[in-house]
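**Q** Here it is, the structure in full.
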Amino acid sequence: MDKDVTVLKAVSGLIALSMWIMLAVTPAMFGLLLAGPVCLVLGEVNGAVVMSFTAIGLIVGAVWAERIRSGEGLSAFWNKLVASPELDRY
């Protein structure tokens, strides 16, 4: 019986980790998208600009994900996103 509980805790931890990573990576992808127009203005693809925008997005995302985790909880946040009444129309 203890082995089943351990497996369930491990699976639960992996699910929570994946939700945290998805929240943290979203602003990083937004930062990556913002780096495109900046590189167009500069006239070249500058790796330092792309990496800095992505790193800033990842830091913001990590802070945001941690605030959600410690506040309302990751599962409650994802439930609110998925169970949105606006999505029922589609």
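**Q** Tell me the carbon and sulfur percent of the accessible area for the chain, rounded to whole percent, probe radius 1.4 Å. Intermediate results must be reported in sequence, preceding the final value.
**A** Working: 4930 of 6810 Å².
Its accessible area is 72 percent carbon and sulfur atoms.
**Q** Then there is this: Write down the accessible area per residue of segment 1-70 in Å², having rolled a 1.4 Å probe over the full set of protein chains. Could the numbers behind the result be given before it?
**A** On the way: 5120 Å² over 70 residues.
Result: 73 Å² of accessible area for each residue.
**Q** Could you derive backbone 3J(HN,Hα) for segment 53-69 from the dihedral phi with the Karplus parameters 6.51, -1.76 and 1.60 (θ = phi - 60°), listing whole Hz in sequence and x where the residue is Gly or Pro?
**A** So the Karplus estimates, Gly and Pro as x, are 5, 5, 5, 4, x, 5, 5, 4, x, 5, 5, 5, 5, 5, 5, 5, 4 Hz.
**Q** On to the next question. Need the full-extension length gain, L42 to E86, defined as separation in residues times 0.36 nm minus the C-alpha distance. One decimal, nm.
**A** Gain on extension, L42 to E86, equals 11.8 nm.
**Q** Below 8 Å between Cα atoms, with a sequence gap of 6+, how large is the relative contact order for the chain in percent?
**A** Rounded, it is 33 percent for the chain.
**Q** Here is a further query. Classify segment 1-53 from the C-alpha gyration tensor, please: rounded if a/c falls under 1.5, else prolate or oblate depending on whether a/b exceeds b/c.
**A** Prolate, since a/c reaches 1.5 and a/b exceeds b/c.
**Q** Now a separate question. How far is helix 2-42 tilted off the main Cα axis of the chain, in degrees rounded to 10, range 0 to 90?
**A** 10 degrees
**Q** Let me ask you something else. Kirkwood Rh over alpha-carbon pairs of the chain, then Stokes-Einstein at 4 °C and 1.567 mPa s: what D in µm² s⁻¹, rounded to an integer?
**A** On the way: Rh = 15.4 Å.
For the chosen part, D equals 84 µm²/s.
The values are calculated or read from the model by the stated rules, or taken from the named source; none is laboratory data. What you see is a predicted model; the values in this text were computed from it and never measured. Remember, those area values only see protein heavy atoms, side chains included, never the ligands or the DNA or RNA. Shrake-Rupley method; radii C 1.70, N 1.55, O 1.52, S 1.80 Å.
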